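One structure below.
The values are calculated or read from the model by the stated rules, or taken from the named source; none is laboratory data. What you see is a predicted model; the values in this text were computed from it and never measured. Heads up, the Cβs are rebuilt from the backbone with ideal geometry, glycines too, and the neighbour counts pull from every protein chain shown.
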Amino acid sequence: MKPTVKFDIICVMGIRILGTGGYLPPKVVTNNDIAAALDTSDEWIYSHTGIHARHVAEDGETTSTMAAKAAKAALEMAGVAPEDVGLIVLATSSPDYGTFPSTACVVQDLLGCVNAGAYDLQAACAGFIYALEQARGFVNFYPEKKALVIGAECLSRILDWTDRSSCILFGDGAGAVVIGNDEEPGVSSTKTTAHTILGADGKGQAFIMRTGGTREALPLDPLTGIPLKPEPSIAKLTLQGHDVFAFAVRKLSKVVGDLCEKLCTTPSELDRVFAHQANGRIIEATARRMKLPIEKFWLNLETTANTSAASVPISLDQAVRSGELKDGMKIVLVGFGAGLTYGGTYMTWPNL
C-alpha cells in the first residue's frame, strides 16, 4: 500500500527535551488472570505477543489522572513550573469524554497550567510522534515558552474482554516530556540536526478501529421527523491482526531507514530505537528485516503490553531514569497506529 499522505520535516533549532515522566497504574493483570476467564494460557499469549502482564486502571483512575501524574514527574525533572507551560498536546485514543471537552483541558486544570493552551491529538499509537512534532513547532516560534507533550491511554475500558485476539494486547498508562527552546525564533543552531517523518495510509482504516461515532444516521421519529434517542452502547476496539502486523514491520523498518538516509547515516550507527510497543514479534521481525540486533530496540511490553500513544514516552522515561539513555546518544522514536498512521523522529538525545 502506498501512503496517501507523507511529510518530511527537518529542524535545526535549539529545541530539546528538558524532562520526562511516566505513570503505570499499580493494578497488574497477568496472562494467567486472563486465562482464568478465556480459553488461552500464559504460554500462548507470550509466544504470540511477548507479553506476560499489563497495568490496568482502577476505579478513580482515568486517562487524565494518569496523564497528569506523568506530566507532573516530567515538569519536576525539567525544573519547569506549571505556569510556565504555554501548550499541552495530549495524544490519546481513550479520552475521558467521548469527544469534548478534551482530556488535555482536564489535565491543564489538574496541573495548574493556567497559561497553557491545551488540546487532544488523535493519531492512535503514532500519536506521541505527531504531538511531539506539533509542540516542537510551537516552541520554535515561542522560545520563551515550554510545551508539555503527553501520551496517555485507558484502553482497558474500550476493550472487548471476551475477545482473545485483542484484549490480551493492551494496557493502561501515561508518559510525558517537557520541551523547550534556547534559541531566538528563526535562528539556526549547530547543536543538532533532527528529522521527522509523518505519514498515513487511509486505505487501512478498517484494520484497527473503535466502534461508534457518527457514521450511521439516527432513526427518525415517523411522526415528527426528529432523530430518535440512540440506544446506549459502549464503543469497542477491533483489529485485524495479520494486516496490522505486515503493515507495522514494513513501515517501522522503512521509516527508520529513511530517517537515517536523510541524515547520511545508517541504522547500524543508531544507539537505540524506541519503537511503539505493539507486539514483541513485530519488533523482532523489524529488527531482522533491518539486520539490527534486538538489543538496539528498547523493550518493555513484557510487563506493560501495548499502551498505544503512551508507549514511546513511557519507554523514554524508563530509559532516562535507569541511566540507559545518555546525552549524545543517537536514537529514533518510531510508531504506527490506526488510520493507518506512522511516524518517526531521529534525534541526538536530548536535542530535537
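Structure notes:
- Region 10-49, residues that are closer than 30 Å to D160 by Cα and in a loop (DSSP other than H, G, I, E, B): L24, P25, P26, K27, A36, A37, L38, D39, T40, S41
- Summed over region 242-271, residues that are without any contact (Cβ under 8 Å) to a residue 24 or more places away in the chain and small (G, A, S) total 1.
- The number of residues in region 101-118 that are of a type outside the set (S, T, N, Q) and either under 22 Å from I208 (Cα atoms) or in contact (Cβ under 8 Å) with a residue 40 or more places away in the chain (or both) comes to 5.
- In summary, helices (runs of 4 or more DSSP H) completely within region 93-184 and bearing 2 or more residues that are buried (at least 24 other Cβ atoms within 10 Å of the Cβ) and of a type outside the set (G, A, S) occur at 103-111, 127-141.
- Scope region 65-94; condition within 12 Å of D172 (Cα to Cα) and touching a helix residue (DSSP H, G or I) at 6+ places or on another chain (Cβ under 6 Å); matching residues: A67, T92, S93, S94
- Within region 309-329, the set of residues being basic (K, R) and part of a loop (DSSP other than H, G, I, E, B) comprises K326 only.
- Among the candidates K203, K262, K296, K229, the residue that is among the basic types (K, R) and buried (at least 16 other Cβ atoms within 10 Å of the Cβ) is uniquely K296.
- Counting only residues that are without any contact (Cβ under 8 Å) to a residue 40 or more places away in the chain and either under 30 Å from I331 (Cβ atoms) or not small (G, A, S) (or both), region 204-241 holds 19 of them.
- Taking region 104-117 as the range and being touching a helix residue (DSSP H, G or I) at 6+ places or on another chain (Cβ under 8 Å) and farther than 13 Å from A71 by Cα as the test, the residues that pass are V114, N115, A116.
- Residues (within 24 Å of D172 (Cα to Cα) and charged (D, E, K, R)) located in region 293-352: E302, D317, R321, E324
- Residue among V255, V320, V334 that is surrounded by fewer than 24 Cβ atoms within 10 Å (Cβ to Cβ) and among the β-branched types (V, I, T): V320
- Qualifying residue in region 154-162 (condition: modelled with pLDDT under 95 and either over 30 Å from G212 (Cβ atoms) or charged (D, E, K, R) (or both)): yes
Quick grid of which residues meet (1) out of contact with any Leu (no Cβ under 7 Å at 6 or more places or on another chain); (2) hydroxyl-bearing (S, T, Y):
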residue: A67; (1), (2): no, no
residue: A73; (1), (2): yes, no
residue: S94; (1), (2): no, yes
residue: V107; (1), (2): no, no
residue: N115; (1), (2): yes, no
residue: F128; (1), (2): yes, no
residue: L132; (1), (2): yes, no
residue: A135; (1), (2): no, no
residue: E144; (1), (2): yes, no
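- In region 5-62, residue nearest to D327 (Cα to Cα) [restricted to those that are aromatic (F, W, Y) and modelled with pLDDT of 95 or more]: Y23
- Filter result for the condition that a residue is of a type in the set (S, T, N, Q), surrounded by 20 or more Cβ atoms within 10 Å (Cβ to Cβ), more than 17 Å from the chain's Cα centre (by Cα) and under 22 Å from I282 (Cβ atoms), over T49, T40, T30: T49
- Beta carbons closer than 8 Å, at least 6 apart along the sequence or on distinct chains, pair a first residue in region 23-39 that is in contact (Cβ under 8 Å) with a residue 24 or more places away in the chain with a second that is exposed (fewer than 13 other Cβ atoms within 10 Å of the Cβ) and not small (G, A, S) for P25/E58; P26/E58; K27/E58; L38/T162.
- When residues of region 52-77 are limited to those that are of a type in the set (S, T, Y) and buried (at least 23 other Cβ atoms within 10 Å of the Cβ), the one farthest from V29 (Cα to Cα): S64
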